[in-house]
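First the structure, in the form of structure tokens, and then the observations on it.
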Amino acid sequence: RREDGTYATPRVKKKHAAAGSRPAWLWPVVVMVIAVTAISVRGFLNFTRMELASERRARSHASRTVPPLPSLASAQPDPAPLPAVLPPASAAPPAAPGQKFAAESVPFISDRIRVFLANEYVNATDYKAVALNINGVQSSVSGQPSEEAAKSAALEQCQKRADSGELKRPCEVYALGDKVVYPHGRPPVPSLPWLKRDSLTERPFAAKDVPLVKDVGKARLESAFVPARNSKSLAIGPGGQFFFNFGLDTVQESIRRNLESCGALVGAPCMIVAVDDSFVVPVPTLMKAIGIFQPATDSSIVANAHDDVVRKLAEASTGWNAVAVGTAGLPGLALKAASEQAAIDDARTDCAKRDSNCRVIALGPFTVGPN
């Protein structure tokens with residue numbers, strides 16, 4: 001306002017930019033540069049991750065294997081479970097050479113490894129191969145450049161694992177591609193069922209009482225089998241050869257693997273004598289077991305009586321059974337006796353009805369002699 005009462009238009013002073021301040025257009029540029037840089041780094045990291053994953057898949061495909069298994073005679077727990085279920089271990093007999101590969105028929109190995117082979121090996125690309133030994137050590141490879149390369153890689157990996165265990169048995173190629181090439185065919189095993197539980201004859205396991213096995217073997221069982229964790233089993237061959245394992249998932253798997261391995265080693269069916277902490281067959285103590293009784297072929301029994309003895313023993317699935325023969329080879333039987341002594345006495349009495357100088361030749365599943 002002037003002195004005369006009039007007004008003048010006000011003048012506004014412009015604010016000068018402070019020294020060192022940035023132009024207004026700079027911030028959008030900075031934001032854009034940061035965004036572009038972040039996108040570039042993210043893309044690079046994703047690409048690198050994809051390359052590494054691809055490389056890992058290629059290596060895995062080129063040598064598809066499962067964790068090694070120790071020898072059957074000192075087995076440890078298998079790798080973590082795999083998400084599939086196969087038919088029961090005893091349902092599918094091992095395949096013969098030239099047959100199509102089927103994971104559930106592979107002998108010696110664990111049920112978990114069978115699942116791995118069914119899920120991974122069967123669907124893998126050639127060239128591929130499976131190698132194993134009778135202790136259950138196994139290796140499989142796929143995506144190899146040739147059949148010979150697949151065979152060599154599987155054998156090399158399997159043998160390396162076998163040599164790191166206590167029992168260094170040789171590995172052999174079981175399958176090339178989708179065909180079984182294992183030259184030994186099916187290991188001999190007894191007829192099903194492989195296990196019959198009977199409270200009348202079962203008793204606690206004692207290594208000193210194991211039939212047919214020599215003292216050094218009994219010492220081995222005392223130190224390794226007795227304290228081992230379940231599930232476990234012990235298989236014995238006709239000459240006292242034995243296989244055992246422990247720490248398996250199921251009794252059925254333990255029995256199958258022991259019978260397959262023992263049969264392959266011995267060349268004849270073996271017998272399950274113990275499961276977990278019990279004898280599961282009648283084990284003689286009053287007489288000495290000297291072999292596995294074969295009623296169909298035993299030369300002590302007159303030939304025309306074999307079939308009758310086989311049939312009657314098969315029908316007597318519980319208690320103690322005994323067989324006695326006299327001078328003429330005519331048999332006397334004791335079936336489903338409540339004790340070992342009762343079976344011995346009853347067999348001799350039955351034999352004496354038709355023969356003379358009767359002696360007991362079999363108790364339970366064993367051929368016996370004087371203790």
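Read-outs throughout are calculated quantities, based only on the coordinates presented, and are distinct from any laboratory measurement. Keep in mind it's a predicted model, so treat the numbers as computed, not measured. Here the Cβ is made from the backbone with ideal geometry for all residues, glycine too, and neighbour counts use every protein chain on show.
The table that follows gives values for the structure above.
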{"item": "Zone residues, the range 247-287, relative to A316, backbone N less than 20 Å from point 7 Å out along Cα-to-Cβ", "result": "280-287"}
{"item": "The range 108-139: trypsin sites (Lys or Arg not before Pro) in DSSP coil with no more than 10 other Cβ atoms inside 10 Å", "result": "none"}
{"item": "Kirkwood Rh in Å, taken over the range 288-369 so that all alpha-carbon pairs contribute", "result": "12.1"}
{"item": "Amide N proximity, the range 162-201 versus K100 label position 7 Å along Cα-to-Cβ, cut-off under 13 Å", "result": "178-180"}
{"item": "Partners for K214 among aspartates and glutamates (Cα-Cα distance below 13 Å; same-chain residues under 8 apart left out)", "result": "E222"}
{"item": "Within-14-Å neighbourhood charge of D163 [Cβ basis; K, R +1; D, E -1]", "result": "+2"}
{"item": "Equivalent ellipsoid, the range 203-279 (semi-axes from 5 times Cα gyration tensor eigenvalues, Å)", "result": "17, 16, 10"}
